[in-house]
Amino acid sequence: MFKFDRDTKPYHLTNLVFYLFTLVVLCAIYYFGFLPPLLDAVDEGFFTNFGLRELGGSLFFLILVIVPLALIAGIIYHTKGFLNPETKAHVR
């Protein structure tokens, strides 16, 4: 993502910080933006007449769940790369 040689500690560290910051911002958006309307809309009658509109909303929220999982996978990848002793410590 940033202009560092791959497999260097600065590359993994900057991407790790970027992914962590993005995950925190995304979680704040989800908590303050999406959670209150979702709690108001979903009640005991939500699944009684499940149609195309509800299916579209469910697919939208499925995508909203996949994005943080991809960010967490990136965080794990860059943490392993940063902590790997074979990773170069400097940029050429």
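The values are calculated or read from the model by the stated rules, or taken from the named source; none is laboratory data. Quick caveat, the model's predicted, so the values are computed rather than measured. Heads up, the Cβs are rebuilt from the backbone with ideal geometry, glycines too, and the neighbour counts pull from every protein chain shown.
Just checking, does the stretch 42-50 include any residue being exposed (fewer than 10 other Cβ atoms within 10 Å of the Cβ) and hydroxyl-bearing (Ser, Thr, Tyr)? Checked against the condition, which is being exposed (fewer than 10 other Cβ atoms within 10 Å of the Cβ) and hydroxyl-bearing (Ser, Thr, Tyr), the stretch 42-50 yields at least one hit. Restricted to the chain, the set of helices (runs of 4 or more DSSP H) holding at least 2 residues that are at pLDDT 90 or above comprises 9-29, 52-83.
Among the listed residues 86, 54, which satisfies the condition of being over 17 Å from residue 11 (Cβ atoms) and free of Cβ contacts under 8 Å to residues at least 24 places away in the same chain? Write out each step before concluding.
Details: 86 fails: over 17 Å from residue 11 (Cβ atoms).
54 is the lone residue from the list that is over 17 Å from residue 11 (Cβ atoms) and free of Cβ contacts under 8 Å to residues at least 24 places away in the same chain.
Identify the residue in the stretch 25-37 that is without any contact (Cβ under 8 Å) to a residue 12 or more places away in the chain and surrounded by 10 or more Cβ atoms within 10 Å (Cβ to Cβ) and, among all such residues, is farthest from residue 67 (Cα to Cα). By that ranking, first place goes to 36.
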